[in-house]
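Peer 1: I am attaching a structure below and will ask some questions about it afterwards.
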Amino acid sequence: MSSSAGPGVRASGNPEQDGDVPAARADEGDDLDMVTIRMPTIQDEAAEEQPPWRADPLELTITAWRGQTAWRIAGPLLEVVVTRCGGHLAAIRRPGEELNPLWQPHWAAADPTTVRPGGTYGGIESSLLATIVGHSVCIDRFGPPRAGEQRPVHGEAGVVDWMLTRISPAEIEITALLPEARLHVRTRFSICGETLLLTRGVRHDDLAPRELEWCEHVSLGAPFIDDVEVEAGIDRIHPWPGTGEPGSRFSAADAATGIACAAALAMPGPDAPPCGDVLAGHVAEGWWSLTNPTWKRRLTYTWSPDDFPWLTLWTQHRSRAGTPWDGVERARGMELSTKPFP
């Protein structure tokens with residue numbers, strides 16, 4: 001990924017962990033990443049071939065989501081809600097339906113500039129947790145800030161205000177400036193039938209090339225993840241290299257002998273004991289799919305492995321007892337990333 005003007009931006013990966021986790025490639029390529037998101041009914045997908053791309057005219061309205069200003073972008077068969085603060089994709093659903101596969105934290109949202117570490121929203125991650133919902137983007141940092149930095153966990157994109165522009169009757173753009181990272185980020189939305197095309201670009205004004213950590217941090221939540229079937233185009237699993245989440249499903253012995261992709265992808269059922277873990281899947285083919293047979297819905301993401309060679313799998317099933325988690329959250333992260341771990 002390189003900038004559209006000026007010096008290149010290079011994808012940055014984790015350093016190798018004792019030779020176990022290869023570093024992500026840092027090749028220069030296009031300035032944009034493109035992710036397609038499709039949410040048909042199971043019956044519709046079986047009966048129909050996906051039509052050729054023909055962008056639908058979009059209806060745009062200002063709304064509120066979890067008490068925060070947001071935009072509703074709607075086509076005839078699919079609508080999304082995007083928050084002004086953080087630019088989070090908060091909802092993707094059929095117009096008139098309530099089912100939304102994206103994670104909705106149980107705690108109230110707040111202005112991230114008003115929260116402080118050690119309060120209601122936890123520690124160093126407090127500003128992000130005050131606004132996080134659904135599919136967020138981690139730009140310039142995927143994980144905590146480095147020593148001496150003033151950036152929030154996962155970077156500034158998830159806590160700054162974004163501006164919206166209608167590019168055409170069928171395309172909406174939001175943009176943000178990340179002052180600490182000195183980056184300009186833009187996201188464009190277009191819809192064709194039951195498919196959303198999300199195109200994101202990054203530009204910087206530095207005089208020399210620079211590395212960039214980038215993660216499309218997709219978090220799914222209940223009721224969609226209850227009894228869900230999870231598949232992905234990954235060919236091997238790497239365990240978390242440090243201290244694991246409380247109640248990890250996989251022991252050190254499992255990591256030593258190898259964790260099966262199917263076991264890593266499986267989401268604990270609603271009545272399972274509390275557990276949580278972070279794993280990294282190496283992407284062989286750029287897709288994942290979650291199918292809920294009860295709701296008769298399938299959510300599928302597709303992307304280029306050259307953009308995101310890693311799929312970070314975050315499982316949280318009521319194992320985080322501290323504030324604001326309170327031992328009640330169920331979420332599954334299916335995170336497209338330039339590096340394996342935050």
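The values are calculated or read from the model by the stated rules, or taken from the named source; none is laboratory data. Keep in mind that this is a model prediction, so the values were computed, not measured. Heads up, the Cβs are rebuilt from the backbone with ideal geometry, glycines too, and the neighbour counts pull from every protein chain shown. To get the accessible areas, we keep the full protein, side chains included, count just its heavy atoms, and leave off ligands, DNA and RNA. Shrake-Rupley method; radii C 1.70, N 1.55, O 1.52, S 1.80 Å.
Peer 1: Restrict the check to the stretch 248-257 and report whether at least one residue is acidic (D, E) and modelled with pLDDT under 95.
Peer 2: So far as the stretch 248-257 goes, yes, one or more of its residues are acidic (D, E) and modelled with pLDDT under 95.
Peer 1: Continuing with the same structure: Being modelled with pLDDT of 95 or more and open to solvent by 80 Å² or more (accessible area, probe 1.4 Å): is that true of P57 here?
Peer 2: Working: modelled with pLDDT of 95 or more: yes; open to solvent by 80 Å² or more (accessible area, probe 1.4 Å): yes.
It is true that P57 is modelled with pLDDT of 95 or more and open to solvent by 80 Å² or more (accessible area, probe 1.4 Å).
Peer 1: Out of everything in the stretch 326-342 that is part of a loop (DSSP other than H, G, I, E, B) and hydrophobic (A, V, I, L, M, F, W, C), what residue ends up being nearest to V137 (Cα to Cα)?
Peer 2: F341
Peer 1: Here's another thing I want to ask about it. When you look at P51, is it part of a loop (DSSP other than H, G, I, E, B) and modelled with pLDDT of 65 or more, yes or no?
Peer 2: Here the answer is no, as P51 does not meet what is asked.
Peer 1: Quick one: how many residues across the stretch 197-252 are open to solvent by 50 Å² or more (accessible area, probe 1.4 Å), over 27 Å from R298 (Cα atoms) and among the basic types (K, R)?
Peer 2: The total comes to 1.
Peer 1: Take the residues of the stretch 109-127 that are within 12 Å of V153 (Cβ to Cβ) and free of Cβ contacts under 8 Å to residues at least 40 places away in the same chain: which is most open to solvent (accessible area, probe 1.4 Å)?
Peer 2: I124
Peer 1: Can you tell me which of (1) assigned to a strand (DSSP E or B); (2) in contact (Cβ under 8 Å) with a residue 60 or more places away in the chain is the one D206 doesn't meet?
Peer 2: (1)
Peer 1: Any idea how many residues of the stretch 88-108 are open to solvent by 10 Å² or more (accessible area, probe 1.4 Å), at pLDDT 95 or above and among the small types (G, A, S)?
Peer 2: Residues flagged as open to solvent by 10 Å² or more (accessible area, probe 1.4 Å), at pLDDT 95 or above and among the small types (G, A, S) within the stretch 88-108 amount to 1.
Peer 1: Failed condition for A147, given (1) farther than 22 Å from G322 by Cβ; (2) within 20 Å of the chain's Cα centre (by Cα); (3) of a type in the set (A, V, I, L, M), with all others met?
Peer 2: (2)
Peer 1: Could you check V133 against (1) modelled with pLDDT of 95 or more; (2) open to solvent by 10 Å² or more (accessible area, probe 1.4 Å) and say which number it fails?
Peer 2: So the condition that V133 fails would be (2).
Peer 1: Considering only the stretch 260-279, how many residues are part of a loop (DSSP other than H, G, I, E, B) and open to solvent by 20 Å² or more (accessible area, probe 1.4 Å)?
Peer 2: Going through the stretch 260-279 one residue at a time, the tally reaches 9.
Peer 1: Ok, one more. Starting from residues that are under 16 Å from the mean Cα position of the chain (by Cα) and part of a loop (DSSP other than H, G, I, E, B), keep the ones in the stretch 281-325 and report whichever is surrounded by the most Cβ atoms within 10 Å (Cβ to Cβ).
Peer 2: If we take residues in the stretch 281-325 being under 16 Å from the mean Cα position of the chain (by Cα) and part of a loop (DSSP other than H, G, I, E, B), then F308 is surrounded by the most Cβ atoms within 10 Å (Cβ to Cβ).
Residue-by-condition table, conditions (1) aliphatic (A, V, I, L, M); (2) in contact with a Pro (Cβ under 6 Å, 6 or more places away or on another chain):
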site: D271; (1), (2): no, no
site: T294; (1), (2): no, no
site: T315; (1), (2): no, no
site: S319; (1), (2): no, yes
site: L336; (1), (2): yes, no
site: P342; (1), (2): no, no
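Peer 1: All but one of (1) modelled with pLDDT of 95 or more; (2) surrounded by 15 or more Cβ atoms within 10 Å (Cβ to Cβ) hold for P76; state the number of the condition that does not hold.
Peer 2: (2)
Peer 1: Follow-up question, since we're still on this one. Could you grab me the full set of residues in the stretch 157-196 that are of a type in the set (D, E) and surrounded by 19 or more Cβ atoms within 10 Å (Cβ to Cβ)?
Peer 2: So the first thing to find is which residues in the stretch 157-196 are of a type in the set (D, E), and the list is 161, 171, 173, 180, 194.
Within the stretch 157-196, E194 is the sole residue that qualifies.
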